[in-house]
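I have placed the structure first, in the form of C-alpha cells, so that the comments after it can refer back to it.
Bear in mind that the values in this text are calculations on the coordinates, not laboratory data. Computed from a prediction, not measured in an experiment: that's the story for all the values here. So basically every Cβ, Gly included, is an ideal-geometry build from the backbone, and we count neighbours across all protein chains shown.
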Amino acid sequence: MPSTNRCGQRSRAAESRPHPPPSPIPASRQPRTCQAASELGAYKWEDAGKAPAVPRIAAVSLEMSAGLVHIKNPHLEAMDEDVLYHLDLGTKTHDLPAMFGDVKFVCVGGSPNRMRSFAQFMHKELGLEGDGEDLADICAGTDRYAMYRVGPVLSISHGMGIPSVSIMLHELIKLLHHAKCRDVTIIRIGTSGGLGVQAGSVVITDRAVDARFQPRFEQVVLGDVVVRGTDLDGGLVEELLACSEAIPDFPTLVGHTMCTYDFYEGQGRLDGALCSFSNEKKLQYLKRAHDAGVRNIEMESTAFAALCGPCGLRAAVVCVTLLDRLEGDQIRASHEVLQEYQQRPQRLVAAFIRRRLGLRTAAGNTRPSSD
Ligand SMILES: O=P(O)(O)O[C@H]1O[C@H](CO)[C@@H](O)[C@H]1O
Ligand SMILES: O=c1cc[nH]c(=O)[nH]1
C-alpha cells in the first residue's frame, strides 16, 4: 500500500504513533467500563427481568455472522410496538422491511440540505431514472431530521453534536434492525476544523478520540459514567483511501479525529461568548492534540463510533477541514468555497459506493449540486 496518496498527504505519523497512555484517574473516580468486547458478558439479565430462550451472546453472534444489525437491548423484545419518534416512523405504522430492507449504505451528516443534496448526487451517480429533484423526505412528519432513500443508499441528517447524533442513531439502528437489513456500511460525511493540514483537505478517521485524546466515549447513565470504545472499521479506512486516488483535485489523508462537546471553548477557540484561557494555552493544547495524531476536530465521531460498531454496522468518518486551527478560529472562506469543500467527502463516498456496487465510470469526478 502506498505511504502517500497522489497529493502526498497521507498521514502515516498519525497511524504509526502508539496510543498515548491514558491519563491517570483516581480509583474513586474510575468510570464503569462498558467496552465492546466485555459488554455482553457483563450484562446482567436478571436486571432486565427477562431471560431469553437462546443465550443472548449466542443469538447476537449469530445475528452478527449473518450480517444483521443487532440491538443490545433485551427490553425491546418485550415491546409489541416500537415508535421511532424523532424519525416519524414505527413498527406498527410502517412496513419497515419493505421500505428499508435492502439498504446497504447509510450516509449521515449534520445538515438537512447537505443530506438532500447528497441523495440527489447519488441519484445521478447511480444512474437512476429521473433527475432526482423530487426526492421525498421520509421524515417529513417531523422537523428534527431529514431522510432520503436512493436505491441502496439512505441519506440522513443528524444535527450538531453528540446528543443530536446519538438520538438519531438509536432510532436509525433500531430501524435497520426492524427492517432486517444486512451488511450495512455507515459513513458520516461532515465538516471539521483541521490541525496542521491545508483547509479543504479530507480526513478519513482512523481513530475517534475525545478531548483528552483518548479513544473513548463517556456518558452518564443512571448517575454512573459509562465508557465505550470508539473503534472504527480499519478495512473501510483503506477502501476509502484507495478511492481517493481517483480524485486528485483535493488532498485526502488518514488521521485521528478529536470529538468535542462544544464548538467554542471545547475546541480551544478564543472567539466564543466566554473564554477562560489565553492564546498561548490554546496553542499548547492544539499542538498536544496534533502530537497525539489528531488531524481534525468535530463534534460527533466518538458517539457515532461507540454506537455503530457494537451493533454490527461497519462505520467510517470522512470530514473535510474548513480551516487550519493552528492558524485561527474563525471560518472566513466564502460561501462558494465552503459549499465546494462540503462536496468533497460526498464525492469520495460516492466513489466508494460506486466501487462497491461495481459501477466503473468516472467515479468521484462529478459534483453534487451546491445546496
Ligand atoms: O458538518 P457537520 O456534519 O454538521 O459537523 C460539524 O459541523 C458542526 C459545527 O459547525 C458540528 O456538528 C461538527 O461536527
Ligand atoms: O472548526 C470546526 C469546523 C467545523 N466543525 C467543527 O466542529 N469545528
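Fewest to most neighbouring Cβ within 10 Å: what's the order for 134, 231, 262?
By the 10 Å Cβ count, ascending, the order reads 134, 262, 231.
When Lys and Arg each count +1 and Asp and Glu each count -1, what net charge do the other residues less than 12 Å away from residue 355, Cβ to Cβ, add up to?
Once all neighbours under 12 Å are counted, the net charge is 0.
Count the lysine pairs in region 47-357 that are 8 or more places apart or on different chains: how many have C-alpha atoms under 28 angstrom apart?
15
Once R0 is set to 22 Å, what does the formula 1/(1 + (r/R0)^6) return for the Cβ-Cβ distance between residue 81 and residue 221, expressed as a FRET efficiency to the nearest 0.05?
0.35
I need 177, 256, 75, 170 ordered by Cβ neighbour count within 10 Å, fewest first.
Arranged by neighbour count, lowest to highest, 177, 256, 75, 170 become 75, 170, 177, 256.
Report the Cα centroid-to-centroid distance between region 323-362 and region 164-201 in angstrom, as an integer.
15 Å
Please arrange 258, 147, 299 by counting, for each residue, the other beta carbons lying within 10 Å of its beta carbon, fewest first.
In order of increasing Cβ crowding within 10 Å: 299, 147, 258.
Mind ranking 90-100, 208-218 by how tightly packed they are, going by the mean number of other C-beta atoms within 10 angstrom, highest first?
Ranking, from highest mean packing down: 208-218, 90-100.
Just the projected area, averaged over all directions, of the convex hull on the alpha carbon atoms of region 182-293: how many nm²?
The orientation-averaged projected area of the Cα hull of region 182-293 comes to 9.7 nm².
In debye, nearest 20: dipole of region 47-357 around its Cα centre with unit charges on the Cβ of K, R (+) and D, E (-)?
For this selection, approximately 560 debye.
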